[in-house]
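Below you'll find the structure, written out as structure tokens, and then a few comments.
Values quoted throughout were computed directly from the atomic coordinates according to the rules given, and no laboratory measurement underlies them. Because the structure is a prediction, the values reported are computed rather than measured. All Cβ positions, glycine included, derive from the backbone under ideal geometry; neighbour counts span all protein chains shown.
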Amino acid sequence: MKSNSSTNTLVIGGAGYIGAQLVPQLVAAGRQVTVLGRSIAPRNELPASVDYVAGDFAQHDLIKRLLDTHQEVIHLAYATVPNTSFENPLADLLQNLPSTVQLFSEAADRGVKLVLVSSGGTVYGEVDELPIRETHPTKPISPYGVTKLTLENYAYLYAATHGLKFVCVRPANAYGVGQRPFVGQGFIATAMASAMRGVPIKIFGRHGTIRDYLYVSDLASGIVSALLHGHLSEIYNLGSGIGLSNLEVIEACKPLVHKFGYEVQVENLPERAFDVTANVLDSTKLQMDTGWKPLVGFDDGMIATRDWLARQTV
């Protein structure tokens, strides 16, 4: 049974990569956590005090029952990644938009506070200046980014018309221990695993794209900070503020994997239409409003990622 003295927090998609770091931090913050995931059992180990519910948040009756007993919800789930959304933009909409808008409606009806984890890497599109502040125009060039931005706008709509209490977080590219390679997201894990398999690391264009990489535990702590201290109806960028091209990441990988006896090969592919050239996030607003700051430096994060991947069957 859940304790009536603590705050009950529902994490949708909390059994995945980010959730594995986020959920323990929520427990440490005094939350009684329920995780909703699609698989029968969670893919990652969860703290003993956490309740796990197998199901899809598109199941209307299930979501209503869960929200009846929770005061907070963190929405991590998303059915597609940028490259699959480009291949089938209609599916991206249908799989993500109706169920999330339904969630907004039910949360608003119950006065449940919601943290929407959006996308810092796709909602802005091509930008005029780096690092990007939250006030920068949003002109996404991928279906994934368009849908993410649309969800943000629906959250505002429900805040204005139904009193939805929400905070929006736009995270940078997570990396670190626990990230599976070759799943369409996670360049660092895929690059390292490619070297360990003896296959070329694929980049699109001569140098690849420039991205902001944030260690996963820092990303999780940023979400917790937004939940606890973020201002309602505000958007917060969540990143390191440092941009690295794919080629620069590969150069950083070389000495790390070479110590384990692996060599790095690179395969250059044509640029993709939905990849923005550069995306680096300014997290000053989050730091000022919540006191959040990243704790894991890039070099330390890369070593931890390498060591974890080396222990897996990559």
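Which is the longest run of the chain containing none of the GluC sites (Glu not before Pro) found in DSSP loop states (not H, G, I, E, B) with at most 15 other C-beta atoms within 10 Å?
The longest uninterrupted stretch comes out as 130-233.
Across the chain, how many lysine pairs, 8 or more positions apart or on different chains, have C-alpha atoms separated by under 17 Å? Please give the number.
Number of lysine pairs found: 6.
With label points built 7 Å along Cα→Cβ from the Cα atoms of Ser233 and Val199, find their separation and express it in nm.
It is 4.9 nm.
Can you give the FRET efficiency for Val101 and Ala54, using 1/(1 + (r/R0)^6), R0 = 35 Å, r = Cβ-Cβ distance, to the nearest 0.05?
0.90
Counting only other residues whose beta carbon sits under 12 Å from that of Gly16, what net charge do I get with K and R as +1, D and E as -1?
+3
What does the extension gain come out to for Arg206 and Asp68, with contour length at 0.36 nm per residue minus their alpha carbon separation?
My answer for the length gained is 44.5 nm.
When the chain is fully extended, how far beyond the present Cα-Cα distance does Ser6 get from Arg43, taking 0.36 nm per residue of separation?
Using 0.36 nm per residue and subtracting the Cα-Cα distance, I get 10.7 nm.
Could you please report the charge total around Phe187, scoring K, R as +1 and D, E as -1 over all other residues with beta-carbon less than 12 angstrom from its beta-carbon?
Local charge sum for Phe187: -1.
What is the antiparallel percent of DSSP beta bridges lying wholly in the chain, to the nearest 5?
Once the DSSP bridges in the chain are tallied, antiparallel ones form about 10 percent.
Summing +1 for each Lys or Arg and -1 for each Asp or Glu, what net charge is found among the other residues whose Cβ lies under 15 Å from the Cβ of Gly178?
+1
Given the Cα-Cα distance of Ala160 and Arg110 and 0.36 nm per residue of separation, how much length would full extension add, in nm?
Additional length available on full extension: 16.5 nm.
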